[in-house]
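Here the structure is laid out as C-alpha cells; the discussion comes afterwards.
The values are calculated or read from the model by the stated rules, or taken from the named source; none is laboratory data. Keep in mind that this is a model prediction, so the values were computed, not measured. Here the Cβ positions follow ideal geometry from the backbone for every residue, glycine too, while neighbour counts run over all protein chains shown.
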Amino acid sequence: MENILLLAHTETDGTLAKPALEALTAALALGGELTIGLVGATVQPAAGQVANAGAVRILAVCGDAFAAPRYATDAAAAEALARASGAALVLAPSTSRWARAIPGAAFRLNGRVDTHATNLAIRNEVPAVSRWFYRQRMEAVLTRAQRPWFVLLDAGCCEPWSGEPGAATVELLPLEVPATRTTVTGVQSPKAGEQTIRPDAKLLFVAGAGWTKKQSDGAVHGAEAEGLIRGFLRAANASLGSSKSLVDMSGEGEAVLNFMSHLNQIGQTGATPRHAKGLSTCCHGEEPHVVGWRFITQRRAVNLDANCGWARGKADVLYVADAFAVMRAVNRLMA
Ligand SMILES: Cc1cc2nc3c(=O)[nH]c(=O)nc-3n(C[C@H](O)[C@H](O)[C@H](O)COP(=O)(O)OP(=O)(O)OC[C@H]3O[C@@H](n4cnc5c(N)ncnc54)[C@H](O)[C@@H]3O)c2cc1C
C-alpha cells in the first residue's frame with residue numbers, strides 16, 4: 001500500500017475536531033504508512049490526541065499566520081506538508097477550510113484531487129474513492145493513476161478515531177508565511193439566536209411551507225407553528241431543516257418562522273445532511289427536496305395529503321395527519 005498523509009487543521013484550542021478524526025479512521029483503514037500533517041496556531045494538543053494512532057511521523061506547520069482559514073496560508077501549508085511527507089495519497093477532511101485550499105495545493109504538486117468523497121478503500125488492490133454525482137443521485141467508485149492524489153472526505157461517513165492520547169514528537173516544518181491579501185478580522189456566525197443546525201443530532205426535523213399556509217379554519221397560525229417547532233427542537237435536541245419554499249418565504253420577509261435561513265435548506269440546491277432519523281412536516285416531498293434526504297437512514301413524514309411525494313416511496317412511514325395536531329401531541333408527550 002502507498003504512503004498516506006492525513007492533513008488536519010487544528011481548532012482554536014489546538015485540538016482536532018471530529019471530521020479530522022473521521023478522516024484518520026479512513027486513513028488507517030487503508031493500511032499504508034501514515035504521516036499526519038497538522039496546521040494551526042498551536043498543534044501540540046492535536047499531536048497528543050493522535051499520538052497513539054500509529055503514524056510514523058507527525059509533521060506540522062504552525063504559527064499565528066496559520067491560525068485562521070485563508071487560502072494563501074492554508075494552501076502553502078498543505079503543499080509544504082505534502083512535499084515533506086512524499087506521500088502518494090493525501091487525505092483531508094472536507095471542512096470549508098480544506099475544501100477551499102486543497103485543490104490549489106494539488107495543482108501545485110501536479111497531483112489530482114477528488115472532493116466530497118464518502119469513502120476511500122482498497123478495491124482490486126488499489127485505493128478507490130466513492131462519491132456521489134448529480135446531487136447525490138448516482139454513486140460512483142473511481143480510482144486514479146496520478147500521484148499525489150488528494151482526497152477530501154465528507155464528514156459523517158466514518159466513525160471518529162478514538163484512541164488514548166499520549167506524548168507525541170512533532171517535526172515542525174519551517175515555512176515562510178506567503179504573501180497574503182486577506183486579513184481575517186473576526187468570525188461572524190450566521191445566526192445570533194438559537195442554534196438550529198446540529199450536524200451531530202440523531203434526528204433531523206424538517207419544516208415545510210405548509211406551516212405557513214391557511215389551515216382548515218381559513219387562518220394562518222404562524223405563531224403556533226413557531227412555538228411547536230421550537231418546542232420540539234429543544235425537547236428532542238433535533239437539527240432543523242427546511243424546504244426551499246419555506247426558506248425563500250423567510251428570506252423575502254414574509255417570515256413567520258424567523259429562525260429559518262437558507263442554511264437550513266435541504267435538497268438539490270441545499271444541504272444533504274446525515275442523521276439516523278428524519279421527520280418531515282408540512283412539506284410535500286418533491287424530488288428536488290427529497291434528494292437531500294439521501295443519507296437519512298429512517299425517513300418519516302406528516303402531511304395532510306395522502307397523495308404527496310412522501311407517499312410515493314420517498315418515506316418509510318407517512319402519517320396522513322395535521323402536523324399541528326401531531327406536533328402538539330408529541331410535544332406534550334416529550335414534556
Ligand atoms: C432545480 C430545482 C431545485 C430545487 N431545489 C430544492 C431544494 O434544494 N430544496 C427544496 O426543499 N426544494 C427544492 N426545490 C423546490 C421543490 O421542488 C419544492 O417546490 C419545494 O421543496 C416545496 O416545498 P414544500 O413542500 O415545503 O411546500 P409545498 O409544495 O407548498 O407543500 C406544502 C405541504 O404542506 C402540507 N400541509 C399544509 N398544511 C398542513 C398541515 N396542517 N399538516 C400537514 N401537512 C400540511 C400540504 O399538504 C403540502 O403538501 C427545487 C426545485 C427546482 C426546480
Problem - Selection from the stretch 282-293 of residues that are more than 22 Å from CYS158 (Cβ to Cβ), surrounded by 17 or more Cβ atoms within 10 Å (Cβ to Cβ) and more than 6 Å from the ligand (Cβ to nearest atom) - result: GLY285, VAL290, VAL291
Problem - Cross-chain or 6+ apart pairs with Cβ under 7 Å, the stretch 209-225 first and of a type outside the set (A, V, I, L, M), then near the ligand (Cβ under 7 Å from one of its atoms) and part of a loop (DSSP other than H, G, I, E, B) - result: GLY210/CYS282; GLY210/CYS283; TRP211/CYS282; HIS221/GLN215
Practice task
Name the single residue, out of those in the stretch 83-133 being among the charged types (D, E, K, R) and outside any strand (DSSP E or B), that is surrounded by the fewest Cβ atoms within 10 Å (Cβ to Cβ).
Solution key: GLU125
Problem - Criterion (crowded, with 20+ Cβ neighbours inside 10 Å and either within 11 Å of the ligand (Cβ to nearest atom) or modelled with pLDDT under 90 (or both)) met by exactly one of LEU279, LEU318 - result: LEU318
Handout entry: Complete set of residues in the stretch 134-153 that are surrounded by 10 or more Cβ atoms within 10 Å (Cβ to Cβ), in a loop (DSSP other than H, G, I, E, B) and modelled with pLDDT under 95
Key = ARG135, GLN136, ARG137
Practice task
Could you tell me which of the residues ALA140, ALA179, ALA167, ALA201 is under 22 Å from VAL113 (Cβ atoms) and of a type outside the set (Ser, Thr, Tyr)?
Solution key: ALA140
Practice task
Quick one: which residue in ALA271, ALA323, ALA311 is small (Gly, Ala, Ser), near the ligand (Cβ under 9 Å from one of its atoms) and farther than 15 Å from ILE197 by Cα?
Solution key: ALA323
Problem - Matching residues, the stretch 58-111, being among the aromatic types (Phe, Trp, Tyr) and touching a Gly at 6+ places or on another chain (Cβ under 9 Å) - result: PHE66, TYR71
Problem - Residues that are of a type in the set (A, V, I, L, M, F, W, C), out of contact with any Phe, Trp or Tyr (no Cβ under 7 Å at 6 or more places or on another chain) and more than 30 Å from GLN49 (Cβ to Cβ), drawn from the stretch 139-170 - result: VAL141, LEU142, ALA145
Handout entry: THR183 vs. criteria away from the ligand (no atom under 16 Å from the Cβ), of a type in the set (Ser, Thr, Tyr) and assigned to a strand (DSSP E or B)
Key = no
Practice task
Restrict the check to the stretch 52-70 and report whether at least one residue is within 25 Å of the chain's Cα centre (by Cα), modelled with pLDDT of 95 or more and on the phi > 0 side of the Ramachandran plot.
Solution key: no
Problem - Subset of the stretch 3-39 (residues that are part of a strand (DSSP E or B) and polar (S, T, N, Q)) - result: THR35
Fill in the blank from the handout: Reported set for the stretch 294-307 where residues are without any contact (Cβ under 8 Å) to a residue 40 or more places away in the chain and either surrounded by 24 or more Cβ atoms within 10 Å (Cβ to Cβ) or not aliphatic (A, V, I, L, M) (or both) is THR297, GLN298, ARG299, ARG300, ALA301, VAL302, ASP305, ASN307
Practice task
Any chance you could count how many residues in the stretch 213-224 are near the ligand (Cβ under 9 Å from one of its atoms) and either under 22 Å from HIS262 (Cα atoms) or not small (Gly, Ala, Ser) (or both)?
Solution key: 4
Exercise for the section: Evaluate the following for LYS244: is it of a type in the set (D, E, K, R), surrounded by fewer than 23 Cβ atoms within 10 Å (Cβ to Cβ) and more than 6 Å from the ligand (Cβ to nearest atom)? Expected result: no
